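Have a look at the structure below before the remarks.
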Amino acid sequence: MSIVRTVSTDLNPHKLRIAFGEYNKHLKYIQERLQVQITHRQDKFIITGDLTAVERSEFILGKLIELADEKDDITGDELHLIVQSSLAREHDAQDSHNLTAVSLRTRKGKITPRGSNQQRYVKKILASDISFGVGPAGTGKTYLAVACAVDMLERGEIERILLVRPAVEAGEKLGFLPGDLTQKIDPYLRPLYDALYEMLGFEKVGKLLERQIIEVAPLAYMRGRTLNNSFVILDEAQNTTPEQMKMFLTRLGFGSRAVITGDMTQVDLPRGHQSGLAQAIKILSGIEEIHITRFDSKDVVRHHLVQKIVQAYDAFDEAEQISRANKKAQQAAKLASNIEETDDE
């Protein structure tokens, strides 16, 4: 059943073009994404569609109007992020208001979680000693974890940041690769460096790395260490073995916290090897002080095609699981039938 809602605005024609794009391209994007119809009449926008889509469209139009009143351009990426925020938004306003905002002194200014799931994730990181963020690429798991670490370092709540990844693509056998340690591990740790550079700038990151206040290293180099007053992030944790995951979690010392991020659909371990992340979630999910945030395609904040790609792969994996289950059932039925025929003879 379709419903109709109206959004009013007092923006002048120039600001309206900023809000809704040249030739209303922003409105066309919203209509396509949310399957609604938006009609512009003087200072009113009439939205027609199902209840959920109309409410989300109201939220998006309101955000666009607010932005247009403040700035001279709204990019396609900004529109996409607003749409994603509306898709991830839940109607529990209390949950959103309880968010502890993450503010960093960076070139891009304030870093704010988008959507209720990212808000819960940040809130749990800031309140817990150990947190897990699990879900597909593009949901901000690692970026927000690094943002929290930088925020706490700036406020003097921790003394060091350690960013860790398993170099599984090299089999952790870094000695066979050319160059010194930095040259060997840099390709595997580049996403972590990129996040730091965006938040702190090249010069500051360089100084903090030189003073070992920030350390970026492969997981293998954590063995035997005890990490006090540190913020430790284990990225790509789906590629750890159970032994490596246990080793990492037991490195935590006084005044430290850890964030473990990963995507169980991108396991690069050899076939037959269990993921340390999958096992850890099963073992630790009952511990009250350890929090696990699960992301899905609605939380993707990259290009809108990334969300569609994630959804397509999820559908494919689900179909494959059903197919395998049906095949096993057919094999079991055939085996049972053969046993019955043998008994009859």
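The values are calculated or read from the model by the stated rules, or taken from the named source; none is laboratory data. Please read these numbers as outputs of a predicted model, since none were measured by experiment. Virtual Cβ from ideal backbone geometry, glycine too; neighbours counted across all protein chains shown.
Observations
- Tally of residues being in contact with a helix residue (DSSP H, G or I) (Cβ under 8 Å, 6 or more places away or on another chain) and either modelled with pLDDT of 80 or more or in a helix (DSSP H, G or I) (or both) across segment 177-204: 13
- Residue in segment 112-145 that is nearest to THR250 (Cα to Cα), counting only those that are within 12 Å of the chain's Cα centre (by Cα) and hydrophobic (A, V, I, L, M, F, W, C): PHE132
- Of the criteria (1) modelled with pLDDT of 85 or more; (2) out of contact with any Lys or Arg (no Cβ under 9 Å at 6 or more places or on another chain), which one GLU90 fails: (1)
- Only one of the numbered conditions (1) at pLDDT 85 or above; (2) aliphatic (A, V, I, L, M); (3) surrounded by fewer than 20 Cβ atoms within 10 Å (Cβ to Cβ) is violated by ALA149, and that is (3).
- Here ARG120 clears all of (1) modelled with pLDDT under 85; (2) touching a strand residue (DSSP E or B) at 6+ places or on another chain (Cβ under 8 Å) except the condition numbered (1).
- Being aromatic (Phe, Trp, Tyr) and without any contact (Cβ under 8 Å) to a residue 12 or more places away in the chain is not true of TYR193.
- For segment 28-35, the criterion of being assigned to a helix (DSSP H, G or I) and exposed (fewer than 13 other Cβ atoms within 10 Å of the Cβ) is met by at least one residue.
- Checking each residue in segment 112-150 for being of a type in the set (S, T, N, Q) and part of a helix (DSSP H, G or I) picks out SER116, ASN117, GLN118, GLN119, THR142.
- Scanning segment 21-55 for residues that are among the basic types (Lys, Arg) and touching a residue at least 24 places away in the same chain (Cβ under 8 Å) gives ARG33, LYS44.
- Positions within segment 71-83 being free of Cβ contacts under 8 Å to residues at least 24 places away in the same chain and surrounded by 14 or more Cβ atoms within 10 Å (Cβ to Cβ), in sequence order: GLU78, ILE82
- Residue match in segment 157-168 (condition: charged (D, E, K, R), assigned to a helix (DSSP H, G or I) and either at pLDDT below 90 or in contact with a helix residue (DSSP H, G or I) (Cβ under 9 Å, 6 or more places away or on another chain) (or both)): no
- Residue count for segment 223-254, restricted to those that are farther than 17 Å from ILE158 by Cβ and either buried (at least 21 other Cβ atoms within 10 Å of the Cβ) or under 26 Å from the mean Cα position of the chain (by Cα) (or both): 16
- Being modelled with pLDDT of 90 or more, touching a Lys or Arg at 6+ places or on another chain (Cβ under 6 Å) and not small (Gly, Ala, Ser) is a description that does not apply to ILE130.
- Residue list for segment 39-70, restricted to those being assigned to a loop (DSSP other than H, G, I, E, B) and surrounded by 12 or more Cβ atoms within 10 Å (Cβ to Cβ): ASP50
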